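Participant: Input: one structure, supplied below.
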Amino acid sequence: MKCFCLYILICLCAHSASAQQRHSDAIDDVLEHTPMASVLILKACGLESRSESWEQLGFSAGVAYGIAGGTTLILKHVIRKERPDHSDNYSFPSGHATFAFAGAHTLHKEFGHYSPWVSIAGYGVATFVAVDRVAKDRHRWYDVATGAAIGVMGTELSYYLSGKVFKTDKLSVAVAPGSLDLSIRF
């Protein structure tokens, strides 16, 4: 699984490098994936994460990106809001903000227990991406705010699903004739 995650990281870097040749959003194209890349790098370096295994981390991160990215893509094609720079009709919501905040929230959930600075760094990078998208006239403030919300909510949903799939829910209730059992895991 480590090799798979490192392969994904290399693909993201290659995509970002090729994006630099296509348009002037190069820094945003790199930074939007930096928080998620940080999650994979920290896990590969051996830091203890919230996820108990590479499989669980891969599931949580992949589903977070999938849900957030899919929701953003569908909304872009249904709403078709023109960008402030008039380059196309895919302004709402911001995909860069979506991926940046999905990665930042994953970083917070996986490694935020080490230090609040881990979370601050992730959300700081994501906020920079969102602000830069508005400053470059690629989005309006509500495009990036909605993208950020979709990224965070997609990540929350992915961790909920991960808890169900990997049976790591913290609360379970069992009811049987004559008994009620409540179990809380920490």
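Participant: Report relative contact order for region 88-152 in percent, whole number only (criteria: Cα-Cα under 8 Å, sequence separation at least 6).
Facilitator: Over region 88-152, the number comes to 54 percent.
Participant: Determine the relative contact order of region 43-125: mean sequence separation of Cα pairs under 8 Å and six or more apart, normalised by residue count, in whole percent.
Facilitator: 26 percent
Read-outs throughout are calculated quantities, based only on the coordinates presented, and are distinct from any laboratory measurement. Note that this is a predicted model, so its numbers are computed, not measured.
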